[in-house]
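Here it is, the structure in full.
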Amino acid sequence: SARNEGMKYIEGKYTVFLDSDDKWDLSAFATAYAFFEKHDDEVDAVSCRVKRFEAYNDYYSLDYKFKAGTRIADINNPEENYSIQTLITPVVLKSEAIKHLRFDTRMICGEDTYFYIMLVLEKCKIGFL
């Protein structure tokens, strides 16, 4: 519900839903911005790698999705349909593309995955950095 409330105040071209324990590389947003500017009409979401810190110092278990490098993945392609990200926090989103969506507050967990999948299904493509 906090994310839904915050969406009322989005003013920027892009949005990121950060949690209190998230950190981003200093160049991450500039890199995502450049990707969007190059592929503006192709994707509404750019997924970024997740590296854990403090107790763990490794990449998230779904890091294999990034082995193919920076690209646009088409989830209709059987070789790429594994690419849907399951977390919302490492994703940069076009603000305009999410204005009609809301997080389902009835869900105990996975509401971010559901939100993200609803967005991705509109174009069936995801940017990967």
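The values are calculated or read from the model by the stated rules, or taken from the named source; none is laboratory data. These numbers were taken from a predicted model, which means no experiment stands behind them. Neighbour counts run over all protein chains shown; Cβ positions are idealised from the backbone, glycine included. Note: accessible area is taken over every heavy atom of the protein model, side chains too, but ligands, DNA and RNA are not part of it. Shrake-Rupley method; radii C 1.70, N 1.55, O 1.52, S 1.80 Å.
Taking the chain as a Gaussian network, Cα atoms linked when under 10 Å apart, which of Ala30, Ala45, Ala97 shows the biggest mean-square fluctuation?
Ala30
May I ask for the longest run of the chain untouched by GluC sites (Glu not before Pro) that are loop-located per DSSP and have at most 10 neighbouring C-beta atoms (other than their own) within 10 Å?
Of all site-free stretches, the longest is 80-129.
For the cross-link pairs Lys8/Lys38; Lys13/Lys125; Lys38/Lys65, which exceed 26 Å when the distance is taken from alpha carbon to alpha carbon?
Listed pairs above 26 Å: Lys8/Lys38.
Per residue, how much accessible area does region 8-129 show when a 1.4 Å probe rolls over the protein heavy atoms, in square angstrom? Mind showing how you got there, number by number?
Working: 7490 Å² over 122 residues.
With all protein chains present, region 8-129 gives 61 Å² per residue.
When a/c is below 1.5 the answer is rounded, else prolate if a/b is larger than b/c, else oblate, so apply that to region 1-43 with a ≥ b ≥ c taken from the square roots of the Cα gyration tensor eigenvalues.
Note, shape of region 1-43 comes out oblate.
Also: With labels modelled as points extended 7 Å from the Cα through the Cβ direction, what inter-label distance (nm, one decimal) is found for Cys124 paired with Ala30?
That separation, rounded to one decimal, is 3.7 nm.
So between Asp19 and Met7, what do we pick up on full extension, going 0.36 nm a residue minus the alpha carbon distance?
2.9 nm
Relative contact order of the chain: what whole-number percent is it, with Cα pairs under 8 angstrom and at least 6 residues apart? The partial results should precede the final answer.
Values: 163 pairs, mean separation 49.2, N = 129.
Relative contact order here is 38 percent.
Let me ask something else about it. Rounded, prolate or oblate: which one fits the chain, using the alpha carbon gyration tensor with axes a ≥ b ≥ c (rounded when a/c is under 1.5, else prolate when a/b beats b/c, else oblate)?
rounded
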